[in-house]
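All remarks here apply to the structure that follows.
What follows is calculated from the coordinates using simple rules that are stated; it is not laboratory data. Since this is a predicted model, take the numbers as computed values, not measurements.
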Amino acid sequence: MGTYRILPAVVASVVVFVLGGCGSGEEGAGVPTVDGGTGVSASQSAGDDVAAYVQARREYVKCLRENGIDAPDPDAKGNIDFGGADILRALKKDPKFLTATQKCGKDLPAVPESIEKGNQPSLSAEQIEVEREYAACMQKNGAADFPDPGPDGLGQGEWDQTSAGAKRATRICGPIIGVPATPGPGKG
């Protein structure tokens, strides 16, 4: 069951990476203030982040089109629907598509947290409890900075995945979410 929750996250990460954007780098970040801030409230900033992200995705599509790729317009959240898994697999093998995405994806901003959370599936009470158990295990076994899940069961923040303690905790706690402690040999 846990593997099925991890696979969509991995696929989504790969899609976001491959389908990065051509942002112009000219997004208005707000007017700097004397104290180094932008003079923008947190709610305005979140809305501005989404607007800047969507605009960057539009620029990305424009760049793809200029490089010979027939890309659809992004939706209101910046998502670009190329038409399903089979089409996406074929595109990932197309040298023209790969060249265009590398050229156009260099300035794409990160997906705003509000959009990323909105794209996550809702978890059941049982799944949320598993996420809490996993977080507690990670924290107890060497990844003290592993974030506690929020009320929706989704992670809250970043953590250092490269430390020896984090790697050990991941091996120990992986089975809680369906990841084998010792993965078998890879295919291919």
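Gain on full extension, evaluated as 0.36 nm per residue between Glu113 and Ala144 minus their Cα-Cα distance, stands at 8.9 nm.
Per-residue 3J(HN,Hα) values for the stretch 166-172, derived from phi via the Karplus relation 6.51 cos²θ - 1.76 cosθ + 1.60 with θ = phi - 60°, read 5, 5, 5, 4, 4, 5, 5 Hz in sequence order (x marks Gly and Pro). The distance separating the Cα centre of the stretch 141-166 from that of the stretch 80-122 comes to 26 Å. Measuring against 27 Å, Cα to Cα, the residue pairs Lys62/Lys93; Lys77/Lys103; Lys62/Lys96; Lys106/Lys140 contain Lys106/Lys140 as the ones spanning a longer distance. Taking the square roots of five times each eigenvalue of the Cα gyration tensor of the stretch 125-177, the equivalent ellipsoid has semi-axes of 18, 12, 7 Å, listed largest first. Subtracting the Cα-Cα distance of Asp152 and Lys103 from 0.36 nm times their residue separation leaves 13.9 nm of extension gain.
Cα convex hull of the stretch 74-117: how many Å³ per residue? Normalising the Cα hull of the stretch 74-117 by residue number yields 89 Å³.
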